[in-house]
């Protein structure tokens, strides 16, 4: 019940439309009962041998038509109001989830698969439309209509009222058997659905690898198992439910099974009038359809309740604490003081301290897995530090609003993501208010104007799904153009040259030089040749700072850095010699 309260809590600001929906649905139900009474009036006239004129029947028939038309129009109006409010609420729920994800640490987000988030954002929230758009008017009408009918039959004859309801407990006995362990089964069903959705998304994203290694659907066990698990559980559940569902669907609507024979018995004994008998038959026929629909909605309530739990679990997830106070930054020196951090229980960084001065280049280098990219992500508050503090000027980044922090930092990752829209709009993400001229200007600075103009539609060329129409190096230069357009005072390049081939490395390096003019630059690099001119190079080893200084100082004072440099130079020389041999061939 608590889950349903939370669902309806999203409807608070749309209370007026929902109230109108309830009012129209209620009047619609009343209009649907009146025709039974009007038919009864005609029957009474005939039974009383009174003079029945064509005009009288015409007036009653017109009344029935008006009532039934009004019922349909009023119910349509009720559903219109409920649908309008429902889709506003669905948008609100999705916006609330999106805002929540912005405030969540990346570690919390990475605990769930892309498929699971897709399922929650699209399927689970969309299912809320059932309860908000349909259940509000339909539950009211389907609950009110049989209630009014039973009250009316009770007024006519209490015995016939009991007989009209006789099949309901029998039908619901089979319904209860069908719903045995329903909550447990629904939970397992959604777990199987989430697993299958997540695996399907993973399968599609990994299609290139699957094709390369000839992994068909039958040999890609994870995909096959998840689909089979979903199929087996769903079929097992349905096979168990079908016999009880059939019995319920057949027995519950058969109100005449008791009303007809027992009503006839009462009539022949003289304890029930023929007109009342006839009217009770008519009214009992109108009982079962709304009751069956009401049962369907009750079943949906359980499913929706389970889905709301998943939505609420995301909304209750841990989030980064944000201040609401505006803070002025004196300068853009970036300082880490005794910073330690762990992913869950795995220690990644221990007692990291350094300062990146404004208008200087600070490079973070180290072996793969040493923790250098984690430092970059902590500066952008993708996570919060476990201990220590990160300062911009003299202000802890936790004391900055998210807006202030994000406006102060441009983060360029090696995992560049481009949206499925034009190259121009992808660059304009850096500053949505930028003009086309500004986009072209930063593109030239980022050394990507020429290859953009070589595409079919230039800046209006679609980048493709996740930017798949462009190379890794091209995407990285576009991401730098974004950062140039944002023009933040602090720039973090997290291995932004990772996918650049040697021929384009000079172009990318030039675009980086244009990006960092008069800024605080942090570079996470694996190509040491790109950071030899850095003002300060920090060597990270196993989550600790092993050494720091200029390139020449580290070559003299750090064996680890010296070995890394030799390995890098050796790789470059080997690459050049291989290319030379290819040319001579």
Single match in 220, 268 (criterion: farther than 30 Å from residue 31 by Cβ and modelled with pLDDT of 80 or more):
268
Could you say which residue among 103, 71, 77, 111 is loosely packed, with under 14 Cβ neighbours inside 10 Å and either under 26 Å from residue 193 (Cβ atoms) or touching a residue at least 24 places away in the same chain (Cβ under 8 Å) (or both)?
111
List the residue pairs whose Cβ atoms are under 8 Å apart, where the first residue sits in region 405-420 and is free of Cβ contacts under 8 Å to residues at least 60 places away in the same chain and in the same structural domain as residue 463 (by TED's automatic domain parsing), the second is surrounded by fewer than 21 Cβ atoms within 10 Å (Cβ to Cβ) and part of a strand (DSSP E or B), and the two are 6 or more positions apart or on different chains.
420/462
Is at least one residue of region 500-520 at pLDDT 90 or above and either buried (at least 21 other Cβ atoms within 10 Å of the Cβ) or assigned by TED's automatic domain parsing to the domain that holds residue 392 (or both)?
yes
Please verify whether region 407-424 includes one or more residues that are outside any helix (DSSP H, G or I) and over 29 Å from the mean Cα position of the chain (by Cα).
no
Provide a single number: the residues in region 529-565 that are surrounded by fewer than 20 Cβ atoms within 10 Å (Cβ to Cβ), under 40 Å from the mean Cα position of the chain (by Cα) and not in a loop (DSSP other than H, G, I, E, B).
2
Evaluation of residue 329 against (1) surrounded by 14 or more Cβ atoms within 10 Å (Cβ to Cβ); (2) outside any loop (DSSP other than H, G, I, E, B); (3) out of contact with any helix residue (DSSP H, G or I) (no Cβ under 6 Å at 6 or more places or on another chain); (4) at pLDDT 80 or above (one fails), failing number:
(2)
Whichever residue in region 229-245 is without any contact (Cβ under 8 Å) to a residue 40 or more places away in the chain and within 25 Å of the chain's Cα centre (by Cα) and, among such residues, is farthest from residue 175 (Cα to Cα):
229
Flagged in region 251-292 as in contact with a helix residue (DSSP H, G or I) (Cβ under 9 Å, 6 or more places away or on another chain), assigned to a loop (DSSP other than H, G, I, E, B) and more than 13 Å from residue 165 (Cα to Cα), in numbering order, are 271, 272, 273
Would you mind finding the one in 465, 415, 399 that is at pLDDT below 85 and closer than 30 Å to residue 352 by Cβ?
415
With 126, 138 as the choices, which residue is surrounded by 21 or more Cβ atoms within 10 Å (Cβ to Cβ) and out of contact with any helix residue (DSSP H, G or I) (no Cβ under 6 Å at 6 or more places or on another chain)?
138
Do we find that residue 462 is surrounded by fewer than 18 Cβ atoms within 10 Å (Cβ to Cβ) and within 27 Å of the chain's Cα centre (by Cα) in this structure?
no
Among the candidates 305, 317, 324, 295, which residue alone is at pLDDT below 85 and either closer than 20 Å to residue 167 by Cβ or touching a strand residue (DSSP E or B) at 6+ places or on another chain (Cβ under 8 Å) (or both)?
295
Which of the residues that make up region 316-326 are surrounded by fewer than 16 Cβ atoms within 10 Å (Cβ to Cβ) and either under 15 Å from the mean Cα position of the chain (by Cα) or part of a helix (DSSP H, G or I) (or both)?
316
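The values are calculated or read from the model by the stated rules, or taken from the named source; none is laboratory data. Note that the coordinates shown come from a computational prediction; the quantities given were computed from them, not determined experimentally. Reconstructed Cβ throughout: ideal geometry from the backbone, glycine too, with neighbour counts over all protein chains shown.
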